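Colleague: Below: one structure in structure tokens.
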Amino acid sequence: MKVRTVAKKDLKKIQSEDWVNPQRRPYIHGENAYIPVRDGYAFDREISERRRYKGMGFFMVGEVAVIHGTKPSQQEIERIVSFRRPKGIIWIRSLLGYTRTPDTEVMYGEAGEVRHHENGHIYILDPKKIMFAQGNREEKRRMADIIRTAGKTERVADMYAGIGYFTIPMAAIGAFVHAIEINPVAFGYLQRNIEENALSGHVEASCGDCRDLLFRTYDRIVMGHFDAITMLPQALKHIRSGSVIHLHSLGSVENEIRLHIERAGFSAEIHVHKVKKYRPHTWHVVQDVMIA
């Protein structure tokens, strides 16, 4: 494949150039991007076509490959190693308890603390100890876009902040975020990620039960846990007309939301947004609840 080499930081600048082949994806390695070139245009090197991966599903958290579901065979492990060259591979047997702490087994190499880059932000974590919601990448970007277009500096509560999945992108775009996390291990990483992304002036972090730690009226509340509907009555004590709640669930819980809203003396407009398929016939959804 014929390519030109550009700095990764300049990717956006060259996307509309005539020589760029839009039918092929750039190959990123380190700080360089290798951009496929249209026929008839100059190029500076040729690289081998990327091999297609045909093994079991996995995703990368930093330099560690993470597998959910069925335990991988040795052949499947070798396929991943050959294709991606990870530092380590872990298999998540299950997610335990309310904090969804991963029960893991290291299948290859070393797996410890990593620095994961996503949407221009850095997340420090140990994927053996903390779940990383890779499938929520677009939802994190969507929340940042919502904050960007809000037209004002918002006060936001992130009731299940974890290591800062939503807190970091919202604060980075200008919101003041009250980030609450009950798991002390995740909370430690949350504090580090706030500092790593230079957001100390935009985030107030609290460790404990979010039901006890909400303390003001918020413009927006993010409820990023599948059991969030059980906490909605507490959240409704800290909103006003014009506030917005983003409530996550497995499948729509719109009827339950309306019941709680009415009991609290409000009305609401609700939009249901699909995030990803969680299992057959079940979607991870977010209900955007506009309070009136």
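The values are calculated or read from the model by the stated rules, or taken from the named source; none is laboratory data. On a predicted model such as this, the values are computed, not experimentally measured, just so you know. Cβ: placed from backbone, ideal geometry, glycine included. Neighbour counts: every protein chain shown.
Colleague: Kindly indicate whether any position in region 125-139 is outside the structural domain of ARG216 (by TED's automatic domain parsing), surrounded by 20 or more Cβ atoms within 10 Å (Cβ to Cβ) and within 19 Å of LEU199 (Cα to Cα).
Modeller: Yes - at least one qualifying residue is present in region 125-139.
Colleague: Can I ask one more? Of these, THR167, THR149, which one is more than 25 Å from GLU181 (Cα to Cα), in the same structural domain as LYS237 (by TED's automatic domain parsing) and of a type outside the set (A, V, I, L, M, F, W, C)?
Modeller: THR149
Colleague: Just checking, does region 265-286 include any residue being among the small types (Gly, Ala, Ser), surrounded by fewer than 19 Cβ atoms within 10 Å (Cβ to Cβ) and under 30 Å from LEU96 (Cα atoms)?
Modeller: The answer is no; no qualifying residue exists.
Colleague: With respect to LEU125, determine if the residue is closer than 29 Å to GLU31 by Cβ and not basic (Lys, Arg).
Modeller: yes
Colleague: Examine region 187-199 for a residue that is part of a loop (DSSP other than H, G, I, E, B), more than 25 Å from HIS117 (Cβ to Cβ) and not polar (S, T, N, Q), and state whether such a residue exists.
Modeller: No, every residue in region 187-199 fails to be part of a loop (DSSP other than H, G, I, E, B), more than 25 Å from HIS117 (Cβ to Cβ) and not polar (S, T, N, Q).
Colleague: Any idea how many residues of region 190-204 are without any contact (Cβ under 8 Å) to a residue 60 or more places away in the chain and either outside the structural domain of MET170 (by TED's automatic domain parsing) or not charged (D, E, K, R) (or both)?
Modeller: Number satisfying all stated conditions: 9.
Colleague: Being out of contact with any Lys or Arg (no Cβ under 7 Å at 6 or more places or on another chain), under 29 Å from MET1 (Cβ atoms) and surrounded by 11 or more Cβ atoms within 10 Å (Cβ to Cβ) is true for just one of ARG100, ARG93, ARG84. Which residue is that?
Modeller: So the residue among ARG100, ARG93, ARG84 that is out of contact with any Lys or Arg (no Cβ under 7 Å at 6 or more places or on another chain), under 29 Å from MET1 (Cβ atoms) and surrounded by 11 or more Cβ atoms within 10 Å (Cβ to Cβ) is ARG84.
Colleague: Restricting the search to region 3-33, which residues are over 30 Å from PRO72 (Cβ atoms) and part of a strand (DSSP E or B)?
Modeller: VAL3, ARG4, THR5, VAL6, ALA7, VAL20, ASN32, ALA33, listed by residue number.
Colleague: Pick from region 7-62 the residues that are without any contact (Cβ under 8 Å) to a residue 40 or more places away in the chain and of a type in the set (Gly, Ala, Ser): which of them is surrounded by the most Cβ atoms within 10 Å (Cβ to Cβ)?
Modeller: If we take residues in region 7-62 being without any contact (Cβ under 8 Å) to a residue 40 or more places away in the chain and of a type in the set (Gly, Ala, Ser), then ALA33 is surrounded by the most Cβ atoms within 10 Å (Cβ to Cβ).
Colleague: Here's another thing I want to ask about it. Which residue, of THR99, THR104, is under 30 Å from ALA186 (Cβ atoms) and modelled with pLDDT under 85?
Modeller: Unique residue meeting the criteria: THR99.
Colleague: Show the residue pairs that are 6+ apart or on different chains and have beta-carbon atoms under 6 Å apart, the first residue being within region 138-162 and touching a residue at least 12 places away in the same chain (Cβ under 8 Å), the second being β-branched (Val, Ile, Thr) and part of a strand (DSSP E or B).
Modeller: GLU139/VAL275; VAL156/VAL177; ALA157/ILE221; ASP158/VAL177; ASP158/VAL222; MET159/ILE180; ALA161/ILE180
Colleague: Could you list, in sequence order, all residues of region 49-79 that are within 30 Å of LYS2 (Cβ to Cβ), aliphatic (A, V, I, L, M) and either part of a loop (DSSP other than H, G, I, E, B) or more than 23 Å from the chain's Cα centre (by Cα) (or both)?
Modeller: Residues satisfying the conditions do not exist here.
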